1. Compare TYR93, TYR104, TYR37 in a GNM of the chain, Cα atoms joined below 10 Å, and give the one with the largest fluctuation.
2. Assigning unit charges at the beta carbon (Lys, Arg +1; Asp, Glu -1) and nothing else, what dipole magnitude in debye, to the nearest 20, does segment 6-115 show about its Cα centre?
3. On the accessible surface of the chain, probed at 1.4 Å, how many percent belong to carbon and sulfur atoms?
4. If you count only protein heavy atoms with a 1.4 Å probe, what accessible area per residue comes out for segment 20-115, rounded to a whole Å²?
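The values are calculated or read from the model by the stated rules, or taken from the named source; none is laboratory data. Just so it is clear, the structure is predicted and the values come from calculations on it, not from any experiment. Counting neighbours? That spans all protein chains shown, and the Cβs are built from the backbone with ideal geometry, glycine included. Keep in mind that these areas ignore ligands, DNA and RNA; they rest on the heavy atoms of the full protein, side chains included. Shrake-Rupley method; radii C 1.70, N 1.55, O 1.52, S 1.80 Å.
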Amino acid sequence: QVQLVESGGGLVQAGGSLRLSCAASGPLFLINTMGWYRQAPGKQRDLVAAIVRSGSTNYADSVKGRFTISRDNAKNTVYLQMNSLKPEDTAVYYCAAHSRNNDYWGQGTQVTVSS
């Protein structure tokens with residue numbers, strides 16, 4: 001069973017930065033894609049950024065140029081660097097790991113951006 005633990009959320013002013021971390025454990029050789037998602041109150045959970053096994057990345061249009069997803073294979077950790085944060089980035093951010101047959105989710109971390 002793959003387990004994911006997020007950290008790094010918090011309260012920040014608009015224009016500020018935060019870095020989220022997702023520490024993964026378990027049979028990680030099964031995982032093809034790691035991603036960060038977010039869910040604001042009353043809204044659906046949306047993909048923010050993803051990184052595949054080859055290292056290729058993709059981003060939601062709303063965060064392109066501001067957020068960067070990266071990974072440290074030695075630490076089994078995926079990061080989401082968030083710069084130039086906006087109030088509309090406020091949400092619970094979830095780390096996810098996708099294998100061929102399963103999706104694994106972390107517990108989520110709250111990010112609140114004040115105006």
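1. Per the Cα network of the chain with a 10 Å cutoff, TYR104 tops the list.
2. Result for segment 6-115 is approximately 140 debye, rounded to the nearest 20.
3. Values: 2850 of 6200 Å².
On the chain, the fraction of accessible area on carbon and sulfur atoms equals 46 percent.
4. For segment 20-115, the per-residue accessible area is 52 Å².
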